[in-house]
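S.K.: Below is the structure I would like to discuss, written out as structure tokens.
The values are calculated or read from the model by the stated rules, or taken from the named source; none is laboratory data. These numbers come from a predicted model, not from an experiment. Please note: Cβ atoms are built from the backbone with ideal geometry, for glycine as well, and neighbour counts cover all protein chains shown.
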Amino acid sequence: MTILPPFLDDQYDSIAWSRTDSGVFTLASAYKSFAETSWATMIVAAKPHFMSSVTALPHAAFGKVFCRQILRRNDFPFANACSSLHVVYRQSLVWGLYYGSSAHCSPSSERRTVPVSWVPPPAGWLCLNTDAAISTVSSVGTVGGLIRNSSSAWIFGYCKNVGHTTPSQAELWGLYIGLKVEWNLGVERLQIQSDSKHAIDLILLLTDGRPLPLVQTISSMRCCAWCTEFIWVPRECNMVVDSLSRLSIPPSFDLTLFDEVPTSIA
């Protein structure tokens, strides 16, 4: 060994923080170490196949989104739900691309199109995408849903007429019906994606002292013996479900299931 043994008059070994000269941990040194660390290096260490996507991102955009996702992930244990770090990485990459390509483009800079597509759930999870449509003539709402696995394979889809309703109520109905179907099938890990930020916020934030009955019901279902994760996605990631939601034919209120992709949207 190249390290000399301690002398008899030396003190006992103790834990030291390598980022300070004194070996004492400080918040300032911790923040400084984070600032000096490359996001690309951090992700490559954990997920090498993300390197091509990370290097193309503006570091500030990716870092901001990643921090928000980590904070959001830390909230899940308090809501009887769980999330995976894999999901946090994937969401950060998608939103970093979307945010960095559109929000900070100056008029003089060259614009480029960045495709936004559906991102499958982690292995062992199923993904439920829901959407709703409201008739501008009759105000009748219809909802649709699609369940896929981590390999992007179609499990089944559905659509249902929910009667006269508002856009927000229709989106909540879509989430509730999808959760109920999945719970009855015995699904243990479910990721729910919706392009309705208002509906997702109503469920996750619960800032209203008197939430809507549907919000209360959905929140109660989340507390059952399974893992759920609600994610807002851009509308471009929900186009298939948008088509499904328009297949329900009033006045029937039956739930229509599709074991295969309907020919009208294939």
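S.K.: Tell me, which residue of the stretch 107-137 that is crowded, with 17+ Cβ neighbours inside 10 Å and out of contact with any strand residue (DSSP E or B) (no Cβ under 7 Å at 6 or more places or on another chain) is modelled with the highest pLDDT?
M.R.: Ranking the candidates gives 122 first.
S.K.: Here is a further query. Being in a helix (DSSP H, G or I), more than 20 Å from residue 202 (Cα to Cα) and in the same structural domain as residue 245 (by TED's automatic domain parsing) narrows it down to one residue among 181, 187; which is it?
M.R.: Going through 181, 187 in turn, just one is in a helix (DSSP H, G or I), more than 20 Å from residue 202 (Cα to Cα) and in the same structural domain as residue 245 (by TED's automatic domain parsing): 181.
S.K.: State the number of residues belonging to the stretch 146-170 that are surrounded by 20 or more Cβ atoms within 10 Å (Cβ to Cβ) and touching an Asp or Glu at 6+ places or on another chain (Cβ under 8 Å).
M.R.: 2
S.K.: Here's another thing I want to ask about it. For the stretch 203-212, state whether one or more residues are of a type outside the set (Val, Ile, Thr), modelled with pLDDT of 90 or more and under 18 Å from the mean Cα position of the chain (by Cα).
M.R.: no
S.K.: Answer with yes or no whether residue 137 is in a loop (DSSP other than H, G, I, E, B) and either under 16 Å from residue 222 (Cβ atoms) or in contact with an Asp or Glu (Cβ under 7 Å, 6 or more places away or on another chain) (or both).
M.R.: Against the criterion (in a loop (DSSP other than H, G, I, E, B) and either under 16 Å from residue 222 (Cβ atoms) or in contact with an Asp or Glu (Cβ under 7 Å, 6 or more places away or on another chain) (or both)), residue 137 does not qualify.
S.K.: Next up: Identify, from the list 205, 185, 175, the residue that is under 14 Å from residue 128 (Cα atoms) and without any contact (Cβ under 8 Å) to a residue 12 or more places away in the chain.
M.R.: 185
S.K.: Could you grab the pairs with beta carbons closer than 9 Å, sequence gap of 6+ or different chains, first residue in the stretch 211-239 and within 14 Å of residue 187 (Cα to Cα), second one loosely packed, with under 13 Cβ neighbours inside 10 Å and acidic (Asp, Glu)?
M.R.: 225/188; 226/188; 227/188
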